[in-house]
Amino acid sequence: MLPTHSVAPYATPSTKREWRKPVAVRPILIYGDPRLEAPNEPVEQFDDGLQEIIRDLLDTGWKAPGLGLAAPQIGLNLRLATIDLSVGKDPEAPIVLANPEIVETEGKVSLEEGCLSFPGLFTTISRPRRLVVRAQDAHGEWRSIDADGLFAQAVCHELDHLDGTLLVHHLRGMKRQMFMRRVAKMRKLGVWSTTG
Ligand SMILES: [Zn+2]
């Protein structure tokens, strides 16, 4: 499901071992942490510090495991996210989205969706079937990425995070109430912790 013209991976690993070696797995913030809904600043410096954050995002995503992770989910309020539909299996698969914007969408599809900040919960959300996202890569180069299917869904999900929009914000009425009841149950059972 990866596009054939996927953008540059964040790094070129010299060996498979090096690629898969976890660098820094950070705690993923759970719903309720204010940093998930705080404003996110544009990425301005594409320096070594940013490369480190990108590695942390990928490592944390692989460990979770998840298909993507946004910087606010590890407590960094930056307009930055990574997506890796291969979850660490394909060194060419990771995509870095810095300062991303969706510039075109097509169609609509209802899809089941989960989020690492709502562990164990899923809901159905309407997403574009296809989209074009414009974003800077790890080195600050602007790219246009055409995405459909699972890839388009992942892009929408991570971009939502950069606007402080979470799964629950897509739900209305009874559906939202039911979801919030499941959230309360997770908290009560002690499955979720907001420390991080
Ligand atoms: Zn999420």
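Computed values, structure above
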| item | result |
| --- | --- |
| 0 to 90° range, to nearest 10: angle between helix 149-162 axis and the chain longest Cα axis | 80 degrees |
| Segment 40-106, dipole about Cα centre (Lys/Arg Cβ +1, Asp/Glu Cβ -1), debye to the nearest 20 | 300 debye |
| Nearest 10 degrees, 0 to 90: helix 48-63 Cα axis against the chain principal axis | 50 degrees |
| Where segment 100-193 is the region considered: accessible area per residue in Å², 1.4 Å probe | 52 Å² |
| Inter-centroid distance (Cα atoms) of segment 125-196 relative to segment 46-89, Å | 14 Å |
| Nearest-20 debye value, segment 26-178 charge dipole, Cβ charges on Lys, Arg, Asp, Glu | 760 debye |
| Under 19 Å from the Cα of K89 - aspartates and glutamates, other chains or at least 8 residues apart | E18, D56, D59 |
| Descending principal axes extents, the chain, alpha-carbon based, whole Å | 48, 38, 30 |
| With every protein chain in place, the chain: carbon and sulfur % of accessible area (1.4 Å) | 52 percent |
| For segment 20-138, with +1 on Lys and Arg beta carbons and -1 on Asp and Glu, the positive-most of L36, G88, L58 along the dipole | G88 |
| Relative contact order of segment 98-146, defined on C-alpha pairs under 8 angstrom at six or more residues apart (%) | 41 percent |
| Residue among A98, L162, G173 farthest towards the positive dipole end of the chain, charges placed on Cβ | G173 |
| Separation in nanometres of the label points that stand 7 Å from Cα toward Cβ, at V168 and K89 | 3.4 nm |
| Fully extended contour minus Cα-Cα distance, from E112 to L150, at 0.36 nm per residue | 12.6 nm |
| A64 versus R187: modelled label distance in nm, points set 7 Å from Cα along the beta carbon direction | 2.1 nm |
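The values are calculated or read from the model by the stated rules, or taken from the named source; none is laboratory data. Here the structure is a predicted model, which is why all the values come from computation and not from measurement. Positions of Cβ are generated from backbone atoms using ideal geometry, with glycine treated the same way; all protein chains shown enter the neighbour counts. Heavy atoms of the whole protein, side chains included, go into the accessibility calculation; ligands, DNA and RNA do not. Shrake-Rupley method; radii C 1.70, N 1.55, O 1.52, S 1.80 Å.
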